[in-house]
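Before any comments, here is the structure.
The values are calculated or read from the model by the stated rules, or taken from the named source; none is laboratory data. What you see is a predicted model, and the numbers here were worked out from it, not measured in a lab. Using ideal geometry, Cβ is built from the backbone for each residue, glycine included, and neighbour counts are taken over all protein chains shown. Ligands, DNA and RNA are excluded from the accessible area calculation, which covers all protein heavy atoms including side chains. Shrake-Rupley method; radii C 1.70, N 1.55, O 1.52, S 1.80 Å.
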Amino acid sequence: MRSLLLILLISSVCIACGPSAPDNTDTSTSIEPASTKGSSAVSSAPETVAVASPAGEALPEDEAPSSGTIEFDDPWIRMVPSVSPNSAAYVSITNGTEDAVTLTGINSQVADRIEIHNVEVDAAGTMSMFKIDELMIEPDSTTMLEPSGAHIMIYGLKEPLNEGDMVTMLMSFNNQPPIPVNFSVK
Ligand SMILES: [Cu+2]
């Protein structure tokens with residue numbers, strides 16, 4: 001009985017110190033570089049989850065959209081220490097269609113949650129990032145998701161990222177079918 005209580009206690013402590021933050025807590029003060037540094041959180045040993053290898057999902061390059069479509073240039077994910085549950089990803093999105101398109105969501109099997117973030121700099125020069133629900137890209141224009149700017153925020157990596165890995169992320173738009181994009185880890 002005592003050991004059962006102990007196990008319950010340990011479990012609840014681990015959950016409390018776990019990496020996943022409640023929703024809506026990162027809207028104000030956190031600074032991008034801090035989030036990618038090694039976290040001191042003691043993450044429990046990663047369970048062996050039956051997640052398909054990221055490389056296994058990779059689509060052939062020649063399935064990329066061809067004409068009058070949305071194109072993705074230099075998609076990459078920042079490699080982080082294996083103890084870090086979070087990372088960020090970047091890509092240039094070119095809207096070659098005649099209408100504005102709106103990026104409304106991103107999903108991947110490698111992470112618990114993926115958000116679109118933007119950044120702002122206050123009068124004191126402090127940069128903070130915040131979640132945005134969507135990102136509009138005007139026709140015939142390119143929007144860059146890049147370090148120090150708007151970016152893709154990845155929470156709760158299910159397995160460590162290794163340099164050279166390819167990670168498929170499904171990009172959802174308001175007026176387009178979802179588009180799988182292969183991001184390289186570097
Ligand atoms: Cu962010």
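Can you compute the modelled spin-label distance between Thr126 and Asn174, with each label point 7 Å from Cα toward Cβ, in nm?
Spacing of the two 7 Å Cα→Cβ label points: 3.3 nm.
Considering amide H positions built from the backbone, and no H for Pro or chain starts, which residues 5 or more places from Phe183, or on another chain, come under 5 Å of its amide H?
For Phe183, whose amide H was placed from the backbone, the distant partners under 5 Å are Val167, Thr168, Met169.
Ordering Met136, Met127 from largest to smallest accessible area (1.4 angstrom probe), what's the sequence?
Met136, Met127
Sticking with the crude label model, points 7 Å out along Cα→Cβ, report the distance from Glu163 to Met144 in nm, one decimal please.
In this crude label model, Glu163 to Met144 measures out at 2.4 nm.
Could you work out how far apart the two model spin labels at Val83 and Glu71 are, taking each label as a point 7 Å from the Cα in the direction of the beta carbon, and quote it in nm?
4.3
Keeping every protein chain in place, order Thr94, Thr142 by accessible area at 1.4 Å, biggest value first, i.e. largest first.
Largest to smallest exposure gives the sequence Thr142, Thr94.
Could you go through the range 112-121 in sequence order and give the Karplus-derived ³J(HN,Hα) for each residue, using 6.51 cos²θ - 1.76 cosθ + 1.60 with θ = phi - 60°, rounded to whole Hz, and x for Gly and Pro?
Ordered by residue, 3J(HN,Hα) equals 6, 7, 10, 10, 9, 10, 10, 10, 9, 10 Hz.
Amide H neighbours of Ala111 under 5 Å, counting only residues 5+ apart in sequence or on other chains, H built in-plane at 1.01 Å?
Those qualifying (amide H under 5 Å, at least 5 residues apart or on another chain) are Lys158.
Starting from the eigenvalues of the Cα gyration tensor, five times each then square-rooted, give me the equivalent ellipsoid semi-axes of the range 68-186, largest first, whole Å.
On the way: eigenvalues 104, 71, 30 Å².
So the equivalent ellipsoid measures 23, 19, 12 Å along its semi-axes.
If you place +1 on the Cβ of every Lys and Arg, -1 on the Cβ of every Asp and Glu, and leave all else neutral, what size is the dipole of the range 127-186 about its Cα centre, to the nearest 20 Debye?
The calculation lands at about 180 debye.
If the chain between Met136 and Thr94 were fully stretched, how many nm would it gain, using 0.36 nm times the residue separation less the Cα-Cα distance?
14.0 nm is the gain from fully extending Met136 to Thr94.
Solvent-accessible area per residue for the range 64-140 at a 1.4 Å probe radius, Å²?
Roughly 48 Å² per residue, with all protein chains present.
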